[in-house]
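What follows is a single structure, written as structure tokens, with notes after it.
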Amino acid sequence: MTRARTSLLPYLLLAPSLLFLAALFLVPLLQTIGLSLTENGELSPANYQRMVGDLNFVPSLRNTFVLVLVVVPAQVVFALAMATMLQKLRLGRDIVLWIWTIPLGVSDLAAGLVWLAILQDRGYLNSALMALGVIDGPTPWLTYETPVALFFSVVAAEVWRATAIVLVILVAGLQLIPREYAEAAEVFGARPWTIFRRITLPLLRPSLQTALILRTVLAFEVFAVVYAIGGRNFPVLVGEAFVWQTDNQNTGVAAAYAMLVVVISLASTVFYLRALRTPPEQQP
Amino acid sequence: MNALRRIVYATGIIAICAWVLVPIYFIALGAFGGRGGVFAWPKTGLPDRVLLGAMQRFLEIEGVWEAALNSVIAAGLCMLLSIALGAPAGYALARFRFRGANLYRLLILMTRAFPLAILALPLTVSFIRIGLYDTPYGVALIHTALALPFAALITSSLFVGIPRELEEAAWIFGCTRWQAFLKVVLPLALPGIAATAIFAFVISWNEVFAASILTVRERTLTAYLLKILSESPLHYRFAGGLLLIVPSVVFIFAVRKYLFAMWGIANR
């Protein structure tokens with residue numbers, strides 16, 4: 001084999017995936033930008049004006065942000081606690097780990113339906129509350145009139161479903177930290193909490209960054225879980241994009257919503273990249 | 001004190017296991033309980049009304065099997081495409097030093113910052129033009145865009161883990177690069193590639209938004225369930241939810257050994 005052919009080979013191997021991503025990621029991205037900025041083929045801010053003027057715009061923006069701000073930190077804290085518990089576990093670690101990662105395979109739509117089974121009027125939560133004497137009979141929690149209960153139902157479903165992915169990333173990250181650091185700290189008399197705060201957490205920064213970026217971007221896309229639990233009683237950004245596309249048949253406004261989600265996702269990624277940067281002297 | 005701490009610790013572990021498993025048990029009860037099970041009040045939480053007929057009736061509804069079949073076609077195709085396009089890229093990243101390798105890696109990581117499924121909106125128009133709208137094949141394409149970056153990164157780490165010397169030994173014995181890949185590298189990488197493929201299958205099987213806007217009659221299972229959310233009785237919704245959950249849980253069980261290796265490397 002000649003040198004020239006060998007040096008061309010890696011590019012030939014990359015080319016199919018690059019072409020594919022250009023066609024199904026880059027082109028749709030540009031088209032979405034185009035769709036959102038034009039009306040009847042002319043450059044116009046009309047779609048964005050219609051989006052901002054829409055009755056559901058402010059509630060959906062607020063709901064999505066509050067949801068992300070509650071769900072993502074909760075997931076990171078739970079996943080950290082779970083990963084720490086796993087580290088001490090000797091017996092049955094594999095089976096516990098498998099059970100804890102089951103939700104990884106559960107779609108957001110299915111997770112919403114799971115929690116609907118628990119939280120519906122005649123569901124298991126109400127049955128338990130009745131047994132405890134808190135309520136007298138079937139009580140609705142998922143309607144327009146109970147926004148707080150509805151919100152926490154969505155939070156429960158999201159935490160139940162998507163803590164697993166954070167856990168997997170953090171456990172994988174913990175495996176990369178040499179045990180010697182914690183052992184050395186222990187020799188010098190550091191308490192478990194100090195070891196966790198001063199050694200584990202800083203060394204876990206790259207994994208935390210990955211987990212936060214991935215989870216936050218996906219959390220801003222929240223939609224199916226909300227629809228399964230509360231229907232349209234709890235508007236979210238991607239849900240509005242879906243309604244404008246399917247019910248209102250207005251791809252322009254849907255594209256405007258999509259671009260808003262793109263911008264928010266990019267902004268949060270940049271934020272995490274800066275806030276959780278690993279200084280060069282700490283890089284392996 | 002130490003014994004007390006151990007009890008608290010064990011209780012915590014069991015409580016989290018219950019937090020994960022009990023909700024799935026409840027939706028299973030809902031799926032098999034039929035109309036009577038859903039409306040029973042107050043509920044005992046015991047499997048006293050399990051009727052296989054309830055699940056069977058759901059599967060006999062017009063459209064359910066077709067939707068499940070469409071989901072399998074889309075996910076299967078997504079799985080094949082992600083490996084066919086991603087594994088060569090992974091091999092190139094693992095075995096060659098070349099200009100642009102880091103740029104490619106960066107591009108792949110960058111896709112994570114974008115809500116890819118939402119970018120399917122303009123594809124409705126392009127897909128209508130080329131006849132892919134309302135087919136599981138079109139859905140498979142956008143799902144491949146979701147799974148491909150993962151497939152490239154994961155397979156690259158798999159190939160890095162296979163010593164280069166094995167391949168070089170095969171060349172010395174007269175194998176071409178392609179033969180050495182087929183006979184030496186591929187058998188060693190195959191279990192990991194299979195795990196990657198299964199992961200791609202699950203990504204596609206679970207995706208809701210793109211599948212819902214790209215299909216009308218040939219809906220996938222998630223698109224079908226989203227469509228009937230507002231109009232079907234509760235026990236059918238629970239049956240559909242369970243039908244969505246079971247295959248992915250089985251698949252995640254099958255790839256559990258690779259889960260952490262995949263993510264440990266996908267971090268960088």
Quiz prompt | Shielding by partners, peptide B:16-23 (average Cβ within 10 angstrom, other chains) | solution = 6
Quiz item: Given only helices, namely DSSP H runs of n ≥ 4 each adding -39500 (n - 2.57), what is the per-residue ellipticity at 222 nm of chain A, to the nearest 500 deg cm²/dmol?
Solution: -22500 deg cm²/dmol
Quiz item: With helices defined as uninterrupted DSSP H runs, which ones in chain B have an alpha carbon span along their own long axis of at least 15 Å and mean Kyte-Doolittle hydropathy of at least -0.5?
Solution: B:2-39, B:64-95, B:136-160, B:186-206, B:234-254, B:256-266
Exercise. For the range A:206-251 and the range B:1-67, write down the distance between their C-alpha centroids in whole Å.
Key: 26 Å
Quiz item: Computed FRET efficiency, Cβ-Cβ of A:Ala81 and B:Ile172, R0 56 Å: what is it to the nearest 0.05?
Solution: 0.60
Quiz item: So, in nm, how far is label A:Val58 from label A:Ala128 when the simple model puts each one 7 Å beyond its Cα toward the Cβ?
Solution: 3.7 nm
Self-check item: Listed residues B:Leu146, B:Leu229, B:Leu242, most fluctuating in chain B (Gaussian network, C-alpha, under 10 Å)
Solution: B:Leu229
Quiz item: Long-range amide H contacts for A:Thr38: which residues qualify at under 5 Å (H placed 1.01 Å from N, peptide plane, sequence gap of 5 or more or a different chain)?
Solution: A:Ser44
Exercise. Work out the FRET efficiency for B:Leu21 and A:Arg197 from their Cβ-Cβ distance, taking R0 = 35 Å, and round it to the nearest 0.05.
Key: 0.65
Quiz item: To the nearest 0.05, what FRET efficiency results for A:Arg232 and B:Gln179 with a Förster distance of 41 Å applied to their C-beta separation?
Solution: 0.10
Quiz item: Which of these, B:Arg99, B:Arg112, B:Arg219, has the largest mean-square fluctuation under a Gaussian network model of chain B (Cα springs below 10 Å)?
Solution: B:Arg99
Quiz item: Taking the Cα atoms of the range A:175-284, what is the range of coordinates along each of the three principal axes, in descending order and whole Å?
Solution: 66, 32, 18
Quiz item: So, in nm, how far is label A:Asp136 from label B:Ile14 when the simple model puts each one 7 Å beyond its Cα toward the Cβ?
Solution: 3.8 nm
Quiz prompt | Neighbourhood charge, 15 Å Cβ-Cβ cut-off, centred on B:Leu214 and excluding it, Lys, Arg +1 and Asp, Glu -1 | solution = +1
Quiz item: Just from its helices, what would the mean residue ellipticity at 222 nm be for chain B, if runs of 4 or more DSSP H residues each count -39500 (n - 2.57) and the sum is divided by every residue, rounded to the nearest 500 deg cm²/dmol?
Solution: -25000 deg cm²/dmol
Quiz item: What whole number of Å gives the distance from the Cα centroid of the range A:89-118 to the Cα centroid of the range A:49-72?
Solution: 29 Å
Self-check item: Most mobile listed residue (A:Trp98, A:Trp115, A:Trp244) in chain A, GNM with C-alpha springs under 10 Å
Solution: A:Trp98
Practice problem: Answer with one residue from A:Trp141, A:Gly112, A:Thr84: the one whose Cα lies farthest towards the positive end of the charge dipole of the range A:61-171, charges on Cβ with Lys, Arg +1 and Asp, Glu -1. | Solution: A:Thr84
Self-check item: Qualifying aspartates and glutamates (Cα of each under 18 Å from Cα of B:Lys227; at least 8 residues distant if same chain)
Solution: A:Asp108, A:Glu240, A:Asp247, B:Glu60, B:Glu62, B:Glu66, B:Asp134, B:Glu207, B:Glu218
Quiz item: Can you give the extra length, in nm with one decimal, that the chain gains between A:Ala23 and A:Leu273 once fully stretched, where that is 0.36 nm per residue apart less the Cα-Cα distance?
Solution: 87.3 nm
Quiz item: Are there any helices in chain A, counted as whole DSSP H runs, that stretch 24 Å or more along their axis by Cα and score at least 1.6 on average by Kyte-Doolittle, and if so which?
Solution: A:147-175, A:251-275
Quiz item: Label B:Ile7 and B:Glu165 with points 7 Å out from Cα along Cα→Cβ: what is the distance between them in nm?
Solution: 5.5 nm
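No lab work stands behind these numbers, since they all come straight from the coordinates. As the structure is a computational prediction, the values presented were derived from the model and not from experiment. Glycine gets a Cβ as well: all are built from the backbone with ideal geometry, and neighbour counts include every protein chain shown.
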